[in-house]
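One structure is given below, encoded as structure tokens.
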Amino acid sequence: MTPDPHLSFARRMDRSDGLAHLRRRFVGVTDAADGASPDAVVAYLDGNSLGRPTIATGERLQRFVAEAWGGRLIRGWDEEWLDLPFAIGDALGRAALGAASGQTYIGDSTTVTLYKLARAAVDAQIARDPARTEIVVDTDNFPTDRYVLDGIAGERGMSIRWIVADTESGVTPDQVAAVVGPQTALVVLSHVAYRSGFLADVPAITRITHDAGALVLWDLCHSAGSVPTELDAWGVDLAVGCTYKYLNGGPGSPAFGYVRADLQEVLAQPIRGWLGTADAFAMGPEYVPAPGIRRFISGTPAIVGMLAMQDTIAMIADAGIEAVRAKSVALTEFAITLADDWLAPLGVSVASPRDAERRGGHVTLSHPAMREVTALLWEQDVIPDYRDPGGLRIGLSPLSTSFEETHAGLTAVRETLRGVLREQAGLA
């Protein structure tokens with residue numbers, strides 16, 4: 001049998017990978033040398049939708065139930081929990097966002113956090129200049145973003161200015177420059193496009209938006225923990241992001257919000273809750289917002305829900321986000337190489353940017369049969385995900401994914417697609 005040069009390459013890359021030791025910190029991860037357990041997943045290729053849990057997280061949750069919750073009971077709020085959204089937010093800001101302390105918090109779901117920050121931004125803009133009645137967003141942004149912004153526009157008598165985005169190349173600075181102006185209140189875009197993995201030029205688009213007198217809100221859901229950001233240095237106004245993808249916070253873990261320091265006293269968040277007040281336990285007759293980032297909290301924080309992400313944030317801080325990004329680029333380059341060699345002859349195209357500087361942490365492979373292929377792969381314990389039209393997404397989480405695992409996953413994609421095509425041709 002002829003040796004597979006791609007498998008040899010994958011094994012060399014794993015041996016030289018400076019982050020390889022971190023794989024063993026995740027639940028359910030096994031390597032060939034370990035001897036896979038019967039229930040082990042062959043290849044997990046969906047880290048851009050839900051990250052694996054860490055072993056430390058299980059231990060952390062058990063300790064919390066037994067000691068913090070079970071032992072300290074209600075005293076835990078005064079001793080730690082009330083400040084936990086900001087302590088974890090600051091840690092995330094340092095490790096992965098390029099954000100100084102006091103600007104990032106862990107709060108509500110992504111949807112609610114997006115609503116709060118976007119609504120606060122447009123309210124401030126309208127109060128400053130009633131002519132600013134447009135919100136700019138692209139047609140290929142994640143559905144939640146589009147739906148939330150359309151709702152805000154309806155509430156405030158505004159309109160949406162749509163950028164028609166190429167589903168494979170994303171939104172460019174020139175497209176933004178063509179639509180922003182004195183009528184623009186807010187621009188909302190994704191750092192990494194959820195469908196294609198296109199990586200937007202945040203500094204250039206932010207600068208263009210500011211030159212037009214508008215504010216910008218960046219959705220970091222598909223980049224936080226995988227692609228470095230420099231929110232402070234880039235002058236970003238606002239950002240939101242989920243924590244259950246590359247940050248491994250677990251299903252439904254609360255999102256983070258970023259509000260630049262000089263905007264915190266300017267913006268009035270629209271969902272007023274008792275814990276966002278200057279003196280929550282005064283139970284006063286009227287709402288007086290807390291100073292700083294605390295004013296963006298509404299109700300009781302989801303403390304249990306934000307515990308798990310701490311372990312991954314610590315790993316990123318130790319490894320360095322640039323090292324995480326370097327491995328992410330190498331993994332996605334390898335996936336594209338395999339797609340070109342193995343899948344292109346079967347009619348598959350790469351629907352993600354080939355330039356690593358314009359690509360996030362996942363690769364989308366396009367073929368009309370990919371919905372069926374994805375379902376069949378799940379039955380084989382090979383887990384990518386699917387997005388219309390015909391896109392199989394390969395989400396490679398740098399802390400928990402190996403090159404050999406990527407090779408195994410793409411091998412299964414190839415063989416499964418071959419089977420589907422044979423069946424379609426009546427050759428099965």
Angle between the chain longest axis and helix 143-156 axis [Cα atoms, degrees, rounded to 10]: 20
Of the accessible area of segment 83-169, with the probe set at 1.4 angstrom, what percent is carbon plus sulfur? 51
Exactly which trypsin sites (Lys or Arg not before Pro) in segment 57-163 are in a DSSP loop and have at most 10 other Cβ atoms within 10 Å? none
May I ask you to derive the relative contact order of segment 71-229, considering only C-alpha pairs under 8 Å and at least 6 residues apart, and to give it as an integer percent? 21
Please give the charge dipole size of segment 351-428, origin at the Cα centre, charges +1 on K and R Cβ atoms and -1 on D and E Cβ atoms. Round to the nearest 20 debye. 300
Residues with amide H under 5 Å from that of residue 237, placed H, sequence gap 5 or more: 216
Taking Cα atoms, the helix 5-16 axis meets the longest principal axis of the chain at an angle in degrees (rounded to 10) of 50
Enter the accessible area per residue of the chain (Å², integer; probe 1.4 Å; all protein chains in place). 41
FRET efficiency for residue 162 and residue 60, Cβ-Cβ distance as r, R0 = 30 Å, nearest 0.05? 0.10
With the Cα gyration tensor of the chain giving a ≥ b ≥ c as the square roots of its eigenvalues, does the rule (a/c under 1.5 for rounded; else a/b larger than b/c for prolate; else oblate) give rounded, prolate or oblate? oblate
For the full complex of protein chains and a 1.4 angstrom probe, list 206, 2, 111 by accessible area with the highest value first. 2, 111, 206
For segment 1-122, what is Rg from Cα atoms divided by 2.2 N^0.38 Å, rounded to two decimals? 1.51
I'd like the Karplus ³J(HN,Hα) series for segment 328-342: coefficients 6.51, -1.76, 1.60, θ = phi - 60°, whole numbers in Hz, and an x wherever there's a Gly or Pro. 4, 4, 5, 5, 5, 4, 5, 4, 5, 4, 5, 5, 5, 6, 9
Over the chain: helical MRE at 222 nm, DSSP H runs n ≥ 4 each giving -39500 (n - 2.57), nearest 500: -11000 deg cm²/dmol
At most 15 other Cβ atoms within 10 Å and a DSSP loop assignment: could you name the GluC sites (Glu not before Pro) in segment 243-339 that fit? 265, 286
Dimensions of segment 61-166 along principal axes (Cα, Å, largest first)? 54, 34, 26
Quick check: the distance between the Cα centres of segment 117-186 and segment 285-302, to the nearest angstrom? 26
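The values are calculated or read from the model by the stated rules, or taken from the named source; none is laboratory data. Treat the numbers as computed from the prediction; the structure is a model and nothing was measured. Positions of Cβ are backbone-derived with ideal geometry, glycine not excepted, and every protein chain shown enters the neighbour counts. The protein model used for the area step is the full one, side chains on, heavy atoms only, and it has no ligands, DNA or RNA in it. Shrake-Rupley method; radii C 1.70, N 1.55, O 1.52, S 1.80 Å.
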